[in-house]
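The values are calculated or read from the model by the stated rules, or taken from the named source; none is laboratory data. Bear in mind the structure is a predicted one, so any value in this text is a computation, not a measurement. Here the Cβ positions follow ideal geometry from the backbone for every residue, glycine too, while neighbour counts run over all protein chains shown. Each accessible area value is taken on the protein alone, full model and side chains, heavy atoms only, with ligands, DNA and RNA left out. Shrake-Rupley method; radii C 1.70, N 1.55, O 1.52, S 1.80 Å.
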Amino acid sequence: MKIFLLFIIIIIGQASLNAQIISGKLIDESKKPLPYVNIGVIDLNKGTISSKKGLYSIDITGIDNEKVVKFSHVGYERVEFKVGELRKKHTAPLNITLKKSIFKLQEIVIKSNNNNNNKPISIGAKRRGMMSWIWSEAISGAEIGTLIKNDKLILLDKLHFHIRRNYCDSILYRVKIYDGKDEFPQEIINTEDIRFISKKKKGWDSVDLSDYNVSIDSDFIIALETLESWSSGEFKTTHLSLSNVKKSSFSRASSMAKWTVFLNEMSFKVEIKSIN
């Protein structure tokens, strides 16, 4: 028995020695930490996000040298390394600086709202769904989104999403808006990080998008990403509503993982303003 235990200890020790974990800090050009940066191996379910203080850690053990690890944050230029490059750096902290992206702002003129009673114009889900999408808020960097069809030049004003049951005290979400060319998530459209805290237990919740100047003239995917959650209870899950309406929705369990497509519309709707 003692020999067997010694053998197990040796095996565990060797595995620890062979583990290749890349860690460090993500900062901007003024040396300030960058929180909630997406980090992951492209197309693999091997991803994470940086902490509130910009610290990160990712295990590249057993991953092919030619695979690419991407560090990505809205409003910043992405940084990429091949896994083989990172293996040469894994013995020391790898601190990475992300540079601000430069965007050309366009002048926007809002059309007057001529619809009845000046009601807001909404696109997306017509009503809440009666089914649930269940995910664990312990999975930082998980995303869920839905395709919204659009053929006009619009400005996004508010996102509304329906919660069937939330077991967390509060959840820190990030909104991501993707170009929906070919009805699939492409590049991110928003140029600023859109984060908000939801404390809603049940019903419709909203986030104001009006300060972010997100305009688009084509189909798009609007998604929620979990960043952190807090719970005083036993469970850390949320049930978001979806319906049996046949529209494309998308999910992934971690940063940079492949998207999974399913044909149920998430109960997401977007208030918009028309642009001249």
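Listing for the model above:
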quantity: Length-normalised contact order for region 20-107 - Cα pairs under 8 Å, 6+ apart - percent; calculated: 35
quantity: Cα long-axis angle, helix 2-18 against the chain (0 to 90 degrees, to the nearest 10); calculated: 50
quantity: Percentage relative contact order, the chain, counting C-alpha pairs under 8 Å, at least six apart; calculated: 25
quantity: Sparse-neighbour loop sites [chymotrypsin sites (Phe, Trp or Tyr not before Pro); region 188-261; at most 13 other C-beta within 10 Å; DSSP]; calculated: PHE235
quantity: Estimated vicinal HN-Hα couplings, Hz - region 180-188 in sequence order (Karplus 6.51, -1.76, 1.60; Gly, Pro = x); calculated: x, 3, 6, 6, 8, x, 10, 6, 6
quantity: q = 0.06, 0.08, 0.09, 0.16 Å⁻¹: log10 I(q)/I(0) that the Debye formula gives for the chain, counting C-alpha atoms only; calculated: -0.23, -0.39, -0.49, -1.29
quantity: In order through region 261-266: 3J(HN,Hα) via Karplus (6.51 cos²θ - 1.76 cosθ + 1.60), integer Hz, x for Gly, Pro; calculated: 9, 9, 9, 9, 7, 5
quantity: Helix-only mean residue ellipticity at 222 nm for the chain, each DSSP H run of n ≥ 4 adding -39500 (n - 2.57), per residue, nearest 500; calculated: -2500 deg cm²/dmol
quantity: Label-point separation, THR97 to ASP59 (7 Å along Cα→Cβ), nm; calculated: 3.3
quantity: Under-5 Å amide H pairs with GLU228, H placed in peptide plane, nonlocal only; calculated: LEU172
quantity: Expected-Rg normalisation [2.2 N^0.38 Å, Cα atoms] applied to region 184-276; calculated: 1.21
quantity: Cβ-based net charge around ILE194, under 11 Å, with every Lys or Arg adding one and every Asp or Glu removing one; calculated: -2
quantity: Trypsin sites (Lys or Arg not before Pro) restricted to region 202-276 and DSSP loop, no more than 10 other C-beta within 10 Å; calculated: LYS246
quantity: Solvent-accessible area per residue for the chain (1.4 angstrom probe, square angstrom); calculated: 55
quantity: Loop-resident sites, region 175-276, for GluC sites (Glu not before Pro), counting at most 10 other Cβ within 10 Å (DSSP); calculated: GLU187, GLU234
quantity: Residues of type lysines that LYS236 reaches as a straight line, Cα spacing below 19 Å, ignoring anything fewer than 8 places off in the same chain; calculated: LYS199, LYS200, LYS201, LYS202
quantity: Amide proton proximity set for SER254, modelled H, under 5 Å, gap of 5+; calculated: GLU143
quantity: Order of exposure, largest accessible area first, which applies to ASP182, ASP219 with probe 1.4 Å; calculated: ASP182, ASP219
quantity: Fraction of accessible area attributable to carbon and sulfur, the chain (%, probe 1.4 Å); calculated: 52
quantity: Interchain or long-range residues, amide H under 5 Å from GLY129's placed H; calculated: LEU242, SER267
quantity: Simple spin-label estimate for LYS70 and LYS149 in nanometres, 7 Å along Cα-Cβ; calculated: 2.8
quantity: Principal axis dimensions, largest first and in whole angstrom, of region 213-267 by Cα; calculated: 43, 31, 23
